[in-house]
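Some notes on the structure that comes next.
Quick note: the coordinates plus some simple rules give every number you see, no bench work behind them. All figures in this text were calculated on a predicted structure; none of them were measured in a lab. Note: ideal-geometry Cβ built from the backbone for every residue, glycine included; neighbour counts use all protein chains shown.
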Amino acid sequence: MLRSPEAVYNYCASLIQTLKARGYDASALERVQSTAYTTSSEWLGELRQAVLDTRSVASDRDLSAKFDEIMQYVHIAWPNMVFNSKRRWFQFHLLTAVLMMLAAGVCVYQNAKVRPTMFLRHDDGTLTTYDEVRGWPFPFLRKGYFYMSEEAESLRDLTAGEWHFIEPLDYPIEPVPWSEKLQSHCIIAIDVLCSGGIIVSVAFVSEYLLRRREGRKQ
């Protein structure tokens with residue numbers, strides 16, 4: 001069993017020669033071999049990564065036993081190291097969960113937000129209508145309102161004359177609702193899928209960046 005940095009140095013030197021004799025790439029171990037052998041966590045981490053990189057290209061049984069012996073030394077010299085730190089696909093970082101909650105909040109806000117649209121005025125100026133819609137990116141609920149001026153008759157023929165699009169107006173009186181219509185259940189399903197896709201995309205990008213950063217540190 002390897003018990004000192006000097007013993008590891010000599011062991012790695014012999015292993016490098018064996019790897020080169022068999023035609024394997026030993027550059028990762030050679031880089032570590034050129035540094036001062038210590039018991040610091042930084043150096044042990046470099047040694048461990050070099051062994052993993054070399055092991056991926058040299059799969060001989062006797063070489064695997066030599067790699068295991070070096071890894072055992074790393075385990076003993078660095079007992080606090082978390083070697084199996086790779087997260088499973090369903091294990092999220094806390095930051096990812098926070099970003100997903102923020103994305104979900106934005107999606108809920110956009111779907112619950114009331115947006116006035118389609119302001120129309122009759123050509124005689126006595127009646128103005130507009131719609132309020134809910135839903136994002138496609139409106140699934142449409143509510144109609146109207147404003148009637150004091151000059152307007154209680155009963156009138158709205159088919160006579162023309163309607164014109166106008167800019168949104170600020171009336172001092174409350175509008176009167178006159179219709180409410182659910183557009184389509186398919187539109188609701190599409191909005192839900194779009195919101196879910198945004199949340200999943202945020203989670204995927206966040207986890208990809210965080211895990212890549214952890215891999216570089218290790």
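Any chance you could run the full-extension gain for SER14 through VAL192? It's 0.36 nm times the residue separation minus the Cα-Cα distance, nm to one decimal. Spell out each step's value before the answer.
Details: separation 178, 0.36 × 178 = 64.08 nm, distance 6.16 nm.
Taking SER14 through VAL192 to full extension adds about 57.9 nm, to one decimal.
So who's got an amide H within less than 5 Å of the one on LEU141, skipping anything under 5 residues away but keeping other chains? H placed 1.01 Å off N, in plane.
Those lying under 5 Å, H to H, from LEU141 are ARG134, GLN183.
Roughly how many nanometres apart are two label points built 7 Å out from the Cα toward the Cβ at VAL205 and GLU69?
5.0 nm
Given R₀ = 25 Å, FRET efficiency for GLU214-LYS113 by Cβ-Cβ distance, to 0.05? Please list the in-between numbers first.
Numbers: r = 38 Å, r/R0 = 1.51.
For GLU214 and LYS113, the calculated efficiency is 0.10.
Give me the net charge for the shell around THR18: Cβ to Cβ below 10 angstrom, other residues only, Lys and Arg +1, Asp and Glu -1.
Details: positive: LYS20, ARG22, LYS66; negative: ASP60, ASP62.
That works out to +1.
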